[in-house]
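Nothing in this text is a laboratory measurement; each read-out follows from the coordinates by a stated rule. For clarity, every value in this text was computed on a predicted model and none was experimentally measured. Every residue, glycine as well, gets a Cβ built from its backbone with ideal geometry; the counts of neighbours run over all protein chains shown.
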Amino acid sequence: MGKKSQLFKYLIADYIAANLAWCLFNIVRYYQIAQYEGFDTLSVFLLYRNVIAGQIIVSFGWLILHYYSGYYNRLFDKSRLSEFFTTFGAVLIGTIVLFFAFLLKILPDSIRVYYEQLSYIFFFTFGFTYLFRILITNQTARKLRNREWTTNALILGTGEKALQIQKLLTEPSNSLAYTIQGFIQINQSPSKQAIDEQLILGSLEDLETLIHDINTEELIVAIDSEEEDNLLNLLYSLYKYRLPIKLPISQTRLLTGSVKIKTIIGLPLFDVTINHFSEAGKNIKLTLDKSVSLFLLVFLSPVYLYLSLRVKHDSEGPVFIKQERIGYLGKPFMMYKFRTMKKDAEKNGPTLSSEHDERVTQFGQTMRKYRLDELPQFWNVLKGDMSIVGPRPERKYYIEQIVKQAPYFYLLHNVRPGITSLGMVKFGYARNIDEMIERMQYDILYYENMSLMLDIKVLIYTFRTILTGKGI
């Protein structure tokens, strides 16, 4: 599926809709108000400098608002009903903002006029926007039904449940089209195997190679009831592939409720790899991360200079250290920190720090106490590697040890890692693998309940840690 072309369609449609709506509103405004305020003809009014500027600013303003509504995040998972409510909410908020920001000061002082103008803006904008969106969504649905666009998927399981899901997914009536690439054997008894041998591509040991070779986009787990006792362990082992993992709704009773159920339109499946964070919240968080980081990098530049001089004076070695960490979607990146340890502290390999670690310098101890060594990571946030709040990123060396005991750690790679985290403020630094796993429970809790309000709570805890010097 062409995500970029689909996004372009929605952007163009929303831009045209906003222009048509605002132009029509100005025409109505001319006949009701402007012609009595010195504008002789409609053309003179529409070509008036302020009106033209408004036409440009308002149209782009609507695109920004639609972005923050989260509408452009999920381009192929839309329905007429969700389309209606998302568009209605965004247009209602935008109408109120437009009225108080631009129109209130130029309209006659009349309650009746206020209500009329508000109604015109809302209904014109909502009508055009929803109409164009529905046309694109219907066209997309038609292409999905005609199998012009499909999602490549592997079904894990070879029993009756797998056969049932295959038939369901390949029905022409389904709103989302799948290309079932094959099946993966999951300890299925040969006597209960319902799938033709030719369609079985291999076992779990072959899965990583298959995903890469045949460009698999989703994994669908469909195991029979006698295998359900191992369902959670199976799911945990699949997180490392960083693909959407779908599960039949009938098996939701086997889960603890710690994953959000996201039903696919028209199909009895849900995605166990997504969390509760809204699409709007994701976009707002990303913007706040970058804008706050840019501000702090500039505002705190004297602090950065002071800390750099102190680090350099305190001990021999570079001011900054950089370590490869594993971030969003499992991609490695270089994370920056002020150096708090003596030069070549890890020349014999990665070693976790302890409370009275002799490798930590005198000033490094102070920085760690107040978490000042983490300040350079605002550059990582600005680059898009990290977020201000999120699960702490780990090194591959430790991840490989963690997942042997807690494979669900891979879930944390579905979000950007953070400078501060719930695990850091509730648990603190980990001194060994067991403590890292214990701290990770807080990060999993954060992942399952992500929201802007939770981010604010974590930041409050972080400020308290910094002010009280309890960072160690």
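Numbers below:
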read-out: Antiparallel %, DSSP beta bridges [both residues in the chain], to 5; value: 45 percent
read-out: Cα centroid separation - region 417-472 against region 270-335, whole Å; value: 15 Å
read-out: Residues whose placed amide H lies under 5 Å from that of Thr273, excluding near-sequence neighbours; value: Ile245
read-out: Label point 7 Å beyond Cα of Glu324 along Cβ direction - residues of region 379-405 with amide nitrogen under 17 Å; value: 393-401
read-out: Per-residue ³J(HN,Hα) for region 18-35, Karplus 6.51 cos²θ - 1.76 cosθ + 1.60, θ = phi - 60°, Hz, x for Gly and Pro; value: 5, 5, 4, 4, 5, 5, 5, 4, 5, 5, 4, 4, 5, 5, 8, 10, 5, 5
read-out: Prolate/oblate/rounded label for the chain (Cα gyration tensor, a/c 1.5); value: oblate
read-out: Charged-residue dipole, Cβ positions (Lys, Arg, Asp, Glu), the chain about Cα centre, Debye nearest 20; value: 1400 debye
read-out: Longest DSSP-loop-exposure-free segment, GluC sites (Glu not before Pro), the chain, at most 13 other Cβ within 10 Å; value: 149-315
read-out: Mean-position separation - Cα centroids, region 361-412 and region 1-52, in angstrom; value: 48 Å
read-out: Whether region 353-472 is rounded, prolate or oblate, judged on the alpha carbon gyration tensor where a/c under 1.5 counts as rounded; value: oblate
read-out: Extended-chain gain in nm, criterion 0.36 nm per residue less alpha-carbon gap, His212 and Leu42; value: 55.1 nm
read-out: Zone residues, region 300-329, relative to Lys342, backbone N less than 15 Å from point 7 Å out along Cα-to-Cβ; value: 314-318
read-out: Unit charges at the beta carbon, dipole of region 110-211: most positive-side option, Leu169, Phe132, Thr158; value: Phe132
read-out: Sparsely packed trypsin sites (Lys or Arg not before Pro) within region 430-472, loop by DSSP, other Cβ within 10 Å at most 13; value: Arg431, Lys470
read-out: Rounded FRET efficiency, nearest 0.05, which uses the C-beta distance separating Glu400 from Leu309 and R0 of 35 Å; value: 0.40
read-out: Helical contribution to [θ] at 222 nm, DSSP H n ≥ 4, -39,500 (n - 2.57), averaged over the chain, rounded to 500; value: -16000 deg cm²/dmol
read-out: Set Lys4/Lys282; Lys312/Lys396; Lys331/Lys426; Lys9/Lys105; Lys3/Lys143; Lys282/Lys396 screened for pairs whose C-alpha atoms are more than 24 Å apart; value: Lys312/Lys396; Lys331/Lys426; Lys9/Lys105; Lys282/Lys396
